[in-house]
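Q: Shown below is the structure under consideration.
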Number of protein chains: 2
Amino acid sequence: MTPTITAFERSPDGGKGLARDTRVRWALEEVGQPYKVRLVSFRAMKEPAHLALHPFGQIPTYEEGDLALFETGAIVFHIAERHAGLLPDGANARSRAITWMFAALNTVEPPILELVTAKILEGDKPWSKERLPLVKDRVRDRLMEVSSGLNAVESSSHCAKRPVNILYSGSRLWWSHIRAPVADVAGGKPAEGCVDRWGARCGARRLGR
Amino acid sequence: MTPTITAFERSPDGGKGLARDTRVRWALEEVGQPYKVRLVSFRAMKEPAHLALHPFGQIPTYEEGDLALFETGAIVFHIAERHAGLLPDGANARSRAITWMFAALNTVEPPILELVTAKILEGDKPWSKERLPLVKDRVRDRLMEVSSGLNAVESSSHCAKRPVNILYSGSRLWWSHIRAPVADVAGGKPAEGCVDRWGARCGARRLGR
């Protein structure tokens, strides 16, 4: 059955692919799964019909027969479990890849979300100018940890057998999104290390739509 | 093989169970899996031996033979996949439970983390007093969405067949942690609705250690 996802009728980024439906589209394209897209307006996102699919009134959602999912992490994982190619086969390698997926969402993304909040929701506050550098520092520190961690993963014997599977499956879907804040934090200069290399590889890929 | 987890040598909360090892302990206790605990000092957390296990220099970690994991979401999911009782059996119900796990980590927790950051890292800043109510409002708004969403889940035909499995497996491990910020946000008065009921049920459970 062809799944249906939702996306912004008018994306705030003007279609640069920073909205979260990109993660889901990327996973679906990666495994060659056709899908339908239903565009949703900002008003419709907060109405009962959409809230029944997504209790936080956001996009994307994922509908497939009787199944309705939200949360990009859960949707991407759902796709990765049902199609070959996104998660490694070995049990330990798979668990490691899932670990990096959770890390992207629960450890790396929160400071980035705080930066977005500081700019969008508090950009007009009297403390904004003085506070923003602190928030950016926290993003930079976290990204440097990611970079060190991934360098270690790449060179460690623990995961050396499946570096490509671990680093470029499942988890890799997230890292292209980290690139934008990295460039922003570093004043347009890409951060060093693994994240940068990942970003370059991810950025080299273009969705067919 | 008995897994080994790490925890704070001296927990900042003085042992109230708010540190993240509680999530992992809870999952392990829930499925009856014995485990060892290695306590780590704040200094040791940032040294190479621990960073090799946890690239962000935090706790908990999870070691089981050749496998080393970090990220509580990944560790709890790893435990839930290998033991009965934490995730429902049906494929769709399982995917829904996983969705709520990701929601807890990537949608609900970030504003709570921002509140923690505002208090701990920015509590002494000149903007702290004026800004804190904004941060608390965002936590409250998100928790109200969770509450509405879970009420809807409980009463919807979509998930009604397995409400207990969905609501109190996997996902439920996280919700006890939301209670503390809820009480804080509401000035000690518990938030209304499902989150409150979950919190009460979760709080009624006591770990054996």
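The values are calculated or read from the model by the stated rules, or taken from the named source; none is laboratory data. Note that the structure is predicted; figures quoted are calculated from it, not measured. All Cβ positions, even for glycine, are placed from backbone atoms using ideal geometry, and neighbour counts span all protein chains on display.
Q: For the subset of region B:108-127 comprising residues that are of a type in the set (A, V, I, L, M, F, W, C) and either in contact with a Pro (Cβ under 7 Å, 6 or more places away or on another chain) or in a loop (DSSP other than H, G, I, E, B) (or both), which member is farthest from A:Arg131 (Cα to Cα)?
A: Step one: of region B:108-127, the residues of a type in the set (A, V, I, L, M, F, W, C) are B:108, B:112-113, B:115-116, B:118, B:120-121, B:127.
Applying the additional criterion that residues be either in contact with a Pro (Cβ under 7 Å, 6 or more places away or on another chain) or in a loop (DSSP other than H, G, I, E, B) (or both) yields B:112-113, B:115, B:121, B:127.
Values: B:Ile112: 19, B:Leu113: 17, B:Leu115: 15, B:Leu121: 12, B:Trp127: 9 Å.
Top of the filtered list is B:Ile112.
Q: Scan (1) closer than 25 Å to B:Val108 by Cβ; (2) not in a strand (DSSP E or B) for the single condition B:Tyr62 breaks and write down its number.
A: Failed condition: (2).
Conditions (1) closer than 18 Å to A:Asn92 by Cα; (2) β-branched (Val, Ile, Thr); (3) within 15 Å of the chain's Cα centre (by Cα); (4) more than 10 Å from every other protein chain (Cβ to nearest Cβ), marked per residue:
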position: B:Ile5; (1), (2), (3), (4): yes, yes, no, yes
position: B:Leu18; (1), (2), (3), (4): no, no, yes, yes
position: B:Ala27; (1), (2), (3), (4): no, no, yes, yes
position: B:Glu30; (1), (2), (3), (4): no, no, yes, yes
position: B:Ala44; (1), (2), (3), (4): no, no, no, yes
position: B:His54; (1), (2), (3), (4): yes, no, no, no
position: B:Val76; (1), (2), (3), (4): yes, yes, yes, no
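Q: Follow-up question, since we're still on this one. Based on what the data block shows, is B:Arg94 within 25 Å of A:Glu145 (Cα to Cα) and either basic (Lys, Arg) or more than 12 Å from chain A (Cβ to nearest Cβ) (or both)? Steps first, answer last, please.
A: Details: within 25 Å of A:Glu145 (Cα to Cα): no; either basic (Lys, Arg) or more than 12 Å from chain A (Cβ to nearest Cβ) (or both): yes.
No, not satisfied.
Q: Could you go through region B:155-165 and let me know if any residue there is assigned to a loop (DSSP other than H, G, I, E, B), within 18 Å of the chain's Cα centre (by Cα), at pLDDT below 75 and surrounded by 15 or more Cβ atoms within 10 Å (Cβ to Cβ). Let's see the steps before the verdict.
A: Here is the first cut: in region B:155-165, the residues assigned to a loop (DSSP other than H, G, I, E, B) are B:156-162.
Within this subset, residues satisfying the condition of being within 18 Å of the chain's Cα centre (by Cα) are none.
Looking for residues that are assigned to a loop (DSSP other than H, G, I, E, B), within 18 Å of the chain's Cα centre (by Cα), at pLDDT below 75 and surrounded by 15 or more Cβ atoms within 10 Å (Cβ to Cβ), one finds none in region B:155-165, hence no.
Q: While we're looking at this one, here's another question. If A:Asp89 passes every condition in (1) at pLDDT 90 or above; (2) surrounded by fewer than 22 Cβ atoms within 10 Å (Cβ to Cβ); (3) touching a helix residue (DSSP H, G or I) at 6+ places or on another chain (Cβ under 9 Å) but one, which one does it miss?
A: (1)
Q: Determine whether B:Glu130 is at the interface with another protein chain (Cβ under 8 Å from one of its Cβ atoms) and not in a helix (DSSP H, G or I). Write out each step before concluding.
A: Numbers: at the interface with another protein chain (Cβ under 8 Å from one of its Cβ atoms): yes; not in a helix (DSSP H, G or I): no.
The answer is no for B:Glu130.
Q: Whether any residue in region A:113-131 is acidic (Asp, Glu) and surrounded by 16 or more Cβ atoms within 10 Å (Cβ to Cβ) is what I want to check. Outline the logic, then answer.
A: Taking region A:113-131 and keeping what is acidic (Asp, Glu), we get A:114, A:122, A:124, A:130.
When the remaining residues are screened for being surrounded by 16 or more Cβ atoms within 10 Å (Cβ to Cβ), the result is A:114, A:122.
Yes: region A:113-131 contains one or more residues that are acidic (Asp, Glu) and surrounded by 16 or more Cβ atoms within 10 Å (Cβ to Cβ).
Q: Given the criterion at negative phi and in contact (Cβ under 8 Å) with a residue 24 or more places away in the chain, identify the matching residue among B:Thr99, B:Thr72. Give the steps one after another, and end with the answer.
A: Details: B:Thr99 fails: in contact (Cβ under 8 Å) with a residue 24 or more places away in the chain.
None of the other options fit; the residue is B:Thr72.
Q: Assess whether B:Leu69 counts as being in contact with a Phe, Trp or Tyr (Cβ under 8 Å, 6 or more places away or on another chain), surrounded by fewer than 18 Cβ atoms within 10 Å (Cβ to Cβ) and not in a loop (DSSP other than H, G, I, E, B). Before you say what the answer is, go through the steps one by one.
A: Details: in contact with a Phe, Trp or Tyr (Cβ under 8 Å, 6 or more places away or on another chain): yes; surrounded by fewer than 18 Cβ atoms within 10 Å (Cβ to Cβ): no; not in a loop (DSSP other than H, G, I, E, B): yes.
No; evaluated as a whole, the condition is false for this residue.
Q: What is the one condition in (1) over 19 Å from A:Met101 (Cα atoms); (2) within 16 Å of the chain's Cα centre (by Cα) that B:Ala49 does not satisfy?
A: So B:Ala49 meets the others, but not (2).
Q: The conditions are (1) β-branched (Val, Ile, Thr); (2) under 21 Å from A:Arg94 (Cα atoms); (3) within 9 Å of another protein chain (Cβ to nearest Cβ), and B:Thr107 fails exactly one of them. Which is it?
A: Failing condition for B:Thr107: (2).
Q: Also, quick follow-up: Would you say A:Ala84 is outside any helix (DSSP H, G or I), more than 9 Å from every other protein chain (Cβ to nearest Cβ), touching a residue at least 40 places away in the same chain (Cβ under 8 Å) and hydrophobic (A, V, I, L, M, F, W, C)? Walk me through it before giving the result.
A: Working: outside any helix (DSSP H, G or I): yes; more than 9 Å from every other protein chain (Cβ to nearest Cβ): yes; touching a residue at least 40 places away in the same chain (Cβ under 8 Å): yes; hydrophobic (A, V, I, L, M, F, W, C): yes.
Yes.
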